[in-house]
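These notes concern the structure reproduced below.
Taken together, the values in this text are just the output of simple stated rules run on the coordinates, not laboratory data. Not measured: the values here are computed from a predicted model. Please note: Cβ atoms are built from the backbone with ideal geometry, for glycine as well, and neighbour counts cover all protein chains shown.
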Amino acid sequence: MDLVLMIAIFIAGLILIIKGGGYFVDAASWIAGVSGIPKVIVGATIVSVATTMPEMIVSVMAAGQGKADMSVGNAVGSVTANLGLIMAIAILCMPGPIRRRDYFVKSILMLAAAAIIAAAGRRGAVERGLSLLLLAVFGAFLVENVRSAAAAGGRGRTSRAAPEKRAVLINGVKFFMGAVGVVLGADLLVDSGSALARLAGVSERMIGVTIVAVGTSLPELVTTVAAVVKKQSALSVGNILGANIIDLTLILPLSGLLAGQAMPISAAAGRLDLPACLLVGAAAVLPPMFTRKFQRWQGAALLSLYAGYLYLTCQI
């Protein structure tokens, strides 16, 4: 009976995420349209913060319970999954040119945060100094978003009539309900998936970097799939980059503050998980910075890297 209940909860979480993701992308696209703000900025701020909440909640709770491996594995594993799985899907489905100025700074900030955490892995812990560096990167991310929005100014805007109150209400409800759906659905999926994994005798670190990391990344996956269907590629990639920066620069410092000490990093995580995050991140954002476009071979390469990472993870 317990097994049947866990499977039912898993399915319920999946349904919540799928429906919530559709509403969420609809509302975010509408916000971008009526405000005149580029969709990449909306994706990197509003959408990213909401879809990152599952990772934040799970890692902070795990740190508070003394489960450092799960906390670190979830935060870093989610970034690797976002890039090697979710962004790869977006690139495979929607290759095409990019405006480098929309992605360059965010890409550099994401790689800087990944490099800082990889350095922490060599030291065996995310200490206070490195936590402050990560928070500084997050501050730079916020400044960049404000600068981008200000620079956008009138770019791409046309004269628009003020939106009707009914449209504001409908999209406000869709945005809120979509956010609740993806967060609650991811929580149900992680709880049930982790319970099923423990029945199989899987280690805490393995749960963190695989089931929990992919589970808490499902909001990004669903919003990306929904964006692919609705042909909103800028919103999709902006969401992934923004979510990754938040994962890397906020979750571990906050988890360390809650735990009241430096976040310890296991030898396995320092040897494989953190370098893999940096490598996949570089493969995801550096090629389009030079070619000025996403190409399908890049998506295939990211999927291959992620599959290789999962294979090595299972060997440790």
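For the pair residue 315 and residue 99, a Förster radius of 41 Å applied to the C-beta separation gives a FRET efficiency near 0.50, rounded to the nearest 0.05. Each residue, residue 282 and residue 195, gets one label point 7 Å from its Cα in the Cβ direction; the gap between the two is 4.2 nm. Using only side-chain charges placed at the Cβ, +1 for Lys and Arg and -1 for Asp and Glu, the dipole size of the chain relative to its Cα centre rounds to 1240 debye.
Here the calculated FRET efficiency for residue 261 and residue 297, from their Cβ-Cβ distance with R0 = 41 Å, stands at 0.40, rounded to the nearest 0.05. Using C-alpha pairs under 8 Å with a sequence gap of at least 6, the mean separation divided by the residue count of the chain gives a relative contact order of 44 percent. Between residue 166 and residue 290, the modelled labels are 5.4 nm apart [label points 7 Å from Cα along Cα→Cβ].
For the pair residue 127 and residue 176 in one chain, pulling the backbone fully straight at 0.36 nm per residue adds 14.0 nm over the alpha carbon distance. Residues whose amide H falls under 5 Å from that of residue 125, counting only those 5 or more places apart or on a different chain, are 265, with hydrogens built in the peptide plane. For the chain, the longest principal axis of the alpha carbon atoms and the long axis of helix 274-291 meet at an angle near 30°.
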